[in-house]
1. Being assigned to a loop (DSSP other than H, G, I, E, B), over 21 Å from residue 425 (Cα atoms), assigned by TED's automatic domain parsing to the domain that holds residue 369 and within 21 Å of the chain's Cα centre (by Cα) narrows it down to one residue among 243, 283; which is it?
2. Evaluate region 382-396: report whether one residue or more is at pLDDT 75 or above, in a helix (DSSP H, G or I), more than 26 Å from residue 350 (Cα to Cα) and over 26 Å from the mean Cα position of the chain (by Cα).
3. Of the conditions (1) exposed (fewer than 12 other Cβ atoms within 10 Å of the Cβ); (2) at pLDDT 90 or above; (3) more than 30 Å from residue 72 (Cα to Cα), residue 231 satisfies every one except a single condition; which number is it?
4. Quick one: which residue in 121, 101, 97 is touching a strand residue (DSSP E or B) at 6+ places or on another chain (Cβ under 7 Å), closer than 28 Å to residue 170 by Cβ and assigned to a helix (DSSP H, G or I)?
5. Scan region 223-241 for residues that are closer than 22 Å to residue 420 by Cα and touching a residue at least 24 places away in the same chain (Cβ under 8 Å) and jot them down.
6. Hey, among the residues in region 1-56 that are in a loop (DSSP other than H, G, I, E, B), modelled with pLDDT under 90 and within 23 Å of the chain's Cα centre (by Cα), which one's nearest to residue 323 (Cα to Cα)?
7. Do we have any residue at all in region 399-415 that's in the same structural domain as residue 230 (by TED's automatic domain parsing), part of a loop (DSSP other than H, G, I, E, B), out of contact with any helix residue (DSSP H, G or I) (no Cβ under 6 Å at 6 or more places or on another chain) and at pLDDT below 75?
């Protein structure tokens, strides 16, 4: 028996923003290259177990005149597809896989009967496989992908295991949030974010030449390993967190890149403070406004205090932060809560592999994943951009990462440096 679940109104805005632009795809992708003696059948079983465990993978969507509805199905809607490659040598097969992945990532799944997720893989060689998946943004977030990655490996190791903790369903989350939106507490907390959202203007960017419209590339070109040691030093000296420090660094880097002083950005709150949702896959994340006026003559130490006060002050009202439509902000996706070990998969070497996830040509997302990763040589900070190459271009994408890296070096050397000095030394 199928169950009808209505999507909360604030998240409905995201869906309608894309439908109105005749481009209803915003697919967030994830994946990796496995190097070793992989087992296709075990990988297929692992994906099937994910479909069985997480109800959002078995949901379809119907977009109405004023509402968006999820429909939950009992049947498994998808499976791992092994895409055949025609080329013979490894490099040619990789190029063929990239071209195919760039097409698949733009599939409009919003009205598909096959659900909102897709999983597929390419066999490059007998010892090397590319595994990719995506979910539409109304059904996934960054932490969901972390959950999927972790559980995929566990089910690959043993598809019959029963030791993965149970979490509440996405349906339960949706219904709980829907009820919360009707409370006085939500209305009171929402006023806090609505007041702070009025102080900033979004920068405008011209679209690039038409030749870029069909060019989809991996964001690997701009990914980099940042100094976790230096970031720890910066946070420690200012009695704040790595998260707060990186949020401010990103803000200043974007000020430099865009020429806008009072730039609105936001950060991603994972929406899982309630322990019962710690392993729930779906769109639970809330976008938290970071519209704070920091004069350019402010020193890093002073600005760091301002950010700490702003972020900590918003914690009390965090449950209503999604009252602000995300289209008003440059988004910063920075899930740095946990240390993840991403360099192995069931004893095999694993390399991160994500194709450009955005396909809305005028969507203004400037996002980045910054994750502390555990490696054999020690913990690192991995920076991975997620932005629309059609708006910002390859040069902007690469320079944003290098600017962030440069700022970490400068601030670690001189915590009294001013924002103006950072902007002039970039």
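1. Working: 243 fails: assigned to a loop (DSSP other than H, G, I, E, B).
Criteria check complete, one pass: 283.
2. No - not one qualifying residue is present in region 382-396.
3. (1)
4. The match here is 101.
5. 230, 231, 233, 234, 237, 238, 240
6. 8
7. No - not one qualifying residue is present in region 399-415.
For every residue, the table says whether it meets (1) surrounded by fewer than 16 Cβ atoms within 10 Å (Cβ to Cβ); (2) at pLDDT 90 or above.
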position	(1), (2)
166	yes, yes
173	no, yes
217	yes, no
235	no, yes
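The values are calculated or read from the model by the stated rules, or taken from the named source; none is laboratory data. Nothing here was measured: the structure is a model prediction, and the numbers come from that model. With ideal geometry, Cβ positions are generated from the backbone for all residues, glycine too; neighbour counts draw on all protein chains shown.
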